[in-house]
Amino acid sequence: MSAYLTSPLPFVLASLLFVSIALLHLTKKNAIAVWLYVVQASAIALLLLLASVHGATVVLVLTLAATVLVKLFIAPAFFFRLIRRHQLRFSASTYLNTPVALFAIAAIVVLTRAIVPNVNVALTPLGHNLLTTSASSIFVSLFLLVNRKGALSQMLGVLSLENSIVAFALFAGLEQGVALQLGILFILVIWITIATVFASMIYRHFGTLDVTEMQTLTA
Amino acid sequence: MTLLYLLILTPLVAGLLSLLPRTAFVVGAVACSALLVEFVSGLIVSAEVVRNGSVAAGMLFALDPLGAVVALIVVTLGLGATLYSVGYLRAEVAKEIIGFRRVRQYYTLLHLFLLAMLVAIASTSPILMWIAIEATTLSTALLISFYNKPSSMEAAWKYLILNSVGLLLGFFGTLLFLYPAIHGNPQGLVTWGDVLSRAPALDPVVAKVAFVFVLTGYGTKVGFVPMHTWLPDAHSKAPAPISSLLSGVLLNVAFLAVLRFKAVADVALGPAFSKELLVFFGILSIVIAAFIIFSQGNYKTLLAYHSIEHMGIIALGFGFGGIAAFAGLLHMIYHSLAKSALFLASGNILLKYSSTKIHNIQGMLKTLPLTSALFIIGFLVMAGVPPSGIFITEFLILSKGISINPWVAGAALFSFVLVFAGIIKHVVPMILGDAQGLPRQGEASAWTTVPIVVLTGLLVIAGFFIPGWLQALLHASTARY
């Protein structure tokens with residue numbers, strides 16, 4: 001297991017990631033949701049920086065640079081532009097109200113802590129708290145996709161899921177794998193571009209990003 | 001080796017060249033030429049695989065027997081869909097549904113779609129395969145929203161989000177499978193060979209969790225129930241040639257990914273775990289799709305749900321294993337040919353009647369005689385009417401299944417009967433029906449009929465005769481399952 005993972009900082013960053021995803025369930029304003037995504041992205045960038053400091057490779061450094069550029073600058077710029085252009089100050093509502101959503105998040109965390117440790121021990125015996133926290137982030141991100149009605153929220157849910165998976169992989173000691181880095185770079189650049197274009201097109205057709213207003217399909 | 005590079009790079013070059021022409025004729029000619037090159041090189045590469053067991057091109061690409069079967073399906077149906085597209089798009093331009101700019105976009109995205117599928121099939125790395133399958137999602141999302149209508153936008157958005165989530169879960173499962181290999185080779189690109197050789201070192205709990213994530217993730221792309229909700233909308237809203245590729249080809253590429261990871265899971269855990277999961281998802285997909293098919297009102301959506309049912313049958317075959325796995329792979333070939341022909345025929349119906357609602361379609365035998373005949377043949381084959389090839393494969397799968405799990409085999413048989421009843425219920429009124437107020441008789445052009453004739457001809461012939469080289473390829477592909 002990578003030495004830097006024994007310090008307190010990775011656990012702080014993992015917790016920051018989890019809390020920002022949980023808060024995405026509660027925020028009512030799209031701008032705050034985007035800033036919460038920036039917080040997540042910063043946590044991931046700092047984790048990649050830590051990994052680079054302890055064992056730099058060209059591809060890892062490139063991944064860090066791309067992560068900072070795309071997640072901290074380009075993606076938020078795309079989202080803020082979408083919000084400004086279509087005046088989307090307030091995000092669409094959730095299917096569950098706040099107390100129920102919080103209860104669901106708590107239940108997800110408890111279940112994850114009960115089930116995931118067996119996997120964690122097999123992967124990295126010393127880092128199971130980090131892995132459990134990032135596994136909780138994965139499932140809370142999935143819940144975000146289900147719970148919120150806005151297309152922008154769904155995009156942030158997908159990107160939060162990706163951040164959580166990256167964090168899990170980093171904590172499992174996979175940061176040196178070219179595999180992880182290639183996957184990150186690809187999904188960042190292409191997916192964000194296409195999803196943002198689609199979100200604009202949806203607003204043009206439906207006059208809203210609330211996905212419950214999209215009821216043209218009968219299948 | 002060179003031909004494998006040619007097979008993979010041709011759609012890339014064709015996609016770039018498609019941006020240059022200023023007439024639909026030239027861009028269509030580029031597309032047809034490229035697909036001819038891909039078809040011929042696909043045949044030659046497959047022959048090489050039959051002779052030598054596999055073909056490699058550098059460190060990034062290689063084709064084994066299973067990959068060769070799926071690649072052959074891609075190039076054959078790709079050629080058919082591209083030839084059909086020439087006539088289909090010409091008719092749509094004549095009706096002023098689309099303009100030249102859209103035609104050019106269509107062909108560019110089509111080539112990128114084919115490129116992504118071929119890279120997914122031939123890549124030596126699980127991560128490159130994942131990236132290529134994600135690329136198919138992105139290119140086809142734009143094709144599904146091709147007509148820029150609210151319903152197609154909604155279908156494309158649903159497709160993009162659900163498949164992206166599914167593929168992220170598949171990515172997570174992939175990373176778990178790669179764990180021992182990455183720790184043994186941190187700098188290089190981990191290959192399928194590395195993953196298989198280190199599979200015995202994979203912790204059983206990790207292997208189970210990884211396979212569940214992979215099956216759920218890539219299974220979303222395959223269209224297994226309950227991850228299927230994007231499929232009927234996406235396949236019904238896309239242009240007909242794209243629907244034929246989505247149903248007849250892309251689902252197989254995603255299932256190939258599942259099979260590759262199944263091989264790894266079988267080494268780490270033994271075959272029972274993955275087989276039980278495939279049987280579960282297979283029978284669930286078959287039964288749910290059968291009930292929905294019976295109550296469908298849209299013929300393109302009917303075909304899409306039919307695809308869900310047939311991917312369930314293929315999964316069932318590989319879940320039962322042995323001769324059923326061989327039958328499952330053969331079923332994949334028959335389903336691909338039939339579904340592609342049926343979707344292309346549905347394109348002719350849409351051009352003639354301007355509606356996808358079943359109750360708006362009557363008297364096809366008078367207005368589209370050739371398309372009707374091919375439509376009937378395609379549906380009879382898909383329904384498993386003897387002596388079609390699909391009847392044989394379903395029989396083999398069920399006969400193996402009865403000895404393993406009679407309840408599952410019984411549920412599948414009931415579902416097949418329900419699907420047959422549903423097909424008769426929907427298709428007969430479309431073909432026959434009231435002659436008053438029918439559109440003008442006649443097919444649109446040879447471009448929109450000859451590809452369907454060829455695909456249907458191949459389907460019928462393959463039901464009675466499988467060449468020795470293809471039999472050898474099928475046996476080699478399914479030996480480990």
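Bear in mind these aren't lab numbers, they're just calculated from the coordinates by the rules spelled out. Please read all numbers here as calculations on a predicted model, not as lab measurements. Reconstructed Cβ throughout: ideal geometry from the backbone, glycine too, with neighbour counts over all protein chains shown.
Here the Karplus curve 6.51 cos²θ - 1.76 cosθ + 1.60, taken at θ = phi - 60°, turns the phi angles of the stretch B:242-256 into couplings of 5, 4, 5, 6, 4, 7, x, 10, 4, 4, 5, 5, 5, 5, 4 Hz, with x standing for Gly and Pro. Only helices enter this figure: runs of n ≥ 4 DSSP H residues, each worth -39500 (n - 2.57), summed and divided by the residues of the protein assembly as shown, yield -25500 deg cm²/dmol at 222 nm to the nearest 500. Put a dot 7 Å past the Cα of B:Leu16, heading toward its Cβ, do the same for B:Ala479, and the two dots end up 3.9 nm apart. Summary of the geometry: the stretch B:295-322 and the stretch B:151-215, compared by the centres of their Cα atoms, lie 24 Å apart.
What is the sum of charges, Lys and Arg at +1 and Asp and Glu at -1, for the other residues whose Cβ falls under 13 Å from the Cβ of B:Ile283? For residues surrounding B:Ile283, the net value is -1.
Around the amide H of B:Phe61, modelled in the peptide plane, lie the amide H atoms of B:Thr124, all under 5 Å away and 5 or more residues distant in sequence or on another chain.
Put a dot 7 Å past the Cα of B:Gln471, heading toward its Cβ, do the same for B:Leu370, and the two dots end up 3.4 nm apart. Using R0 = 25 Å, the C-beta based FRET efficiency linking A:Thr6 and A:Ala106 works out to 0.35.
Partner shielding of A:164-170 amounts to 3, given as the average count of beta-carbon atoms from other chains within 10 Å of each residue beta-carbon.
Please work out the FRET efficiency for the pair A:Val19 and B:Lys149, using the Cβ-Cβ distance as r and a Förster radius of 56 Å; give the result to the nearest 0.05. With R0 = 56 Å, the Cβ-Cβ based efficiency is 0.85.
For the residue pairs B:Lys158/B:Lys357; B:Lys221/B:Lys357; B:Lys149/B:Lys366, the C-alpha atoms sit more than 29 angstrom apart in B:Lys149/B:Lys366. Name the shape class, rounded, prolate or oblate, that the alpha-carbon gyration tensor gives for the stretch B:74-174, where a ≥ b ≥ c are the square roots of its eigenvalues, rounded holds for a/c under 1.5, and otherwise prolate holds if a/b is larger than b/c and oblate otherwise. It is oblate, given that a/c is not under 1.5 and a/b is not larger than b/c. Place a label point 7 angstrom from the Cα of B:Leu196 along the Cα-to-Cβ direction, then list the residues of the stretch B:109-129 whose backbone nitrogen is under 14 Å away. Taking a point 7 Å out along Cα→Cβ of B:Leu196, the residues of the stretch B:109-129 whose backbone N falls under 14 Å are B:123-126. Take each residue in B:149-161, count the other chain C-beta atoms within 10 Å of its C-beta, and the mean is 6. Straight-line reach from B:Lys300: which aspartates and glutamates fall under 16 Å, measuring Cα to Cα and dropping same-chain residues less than 8 apart? Result set, ordered by chain and number: B:Asp233, B:Glu309. The lysines whose alpha-carbon is closer than 17 Å to the alpha-carbon of B:Lys275, local same-chain residues fewer than 8 away aside, are B:Lys208, B:Lys262, B:Lys400. Amide H contacts under 5 Å for B:Val225: B:Ser285, restricted to partners 5 or more places along the chain or on a different chain, H placed in the peptide plane at 1.01 Å from N.
Annotation: amide H of A:Lys29 within the under-5 Å range of A:Ser91, sequence separation 5 or more or interchain, hydrogens built in the peptide plane. Modelled label positions at B:Leu9 and A:Ala114, each set 7 Å beyond Cα in the direction of Cβ, lie 5.7 nm from each other. I want to make sure I understand the PRE zone here: with the label point 7 angstrom from the Cα of B:Val454 toward its beta carbon, which residues in the stretch B:54-95 have backbone N atoms less than 20 Å away? In the stretch B:54-95, the label zone of B:Val454 (backbone N under 20 Å from the point 7 Å along Cα→Cβ) covers B:69-91. If R0 is taken as 35 Å, the Cβ-Cβ distance between B:Phe294 and B:Leu438 corresponds to a FRET efficiency of 0.80.
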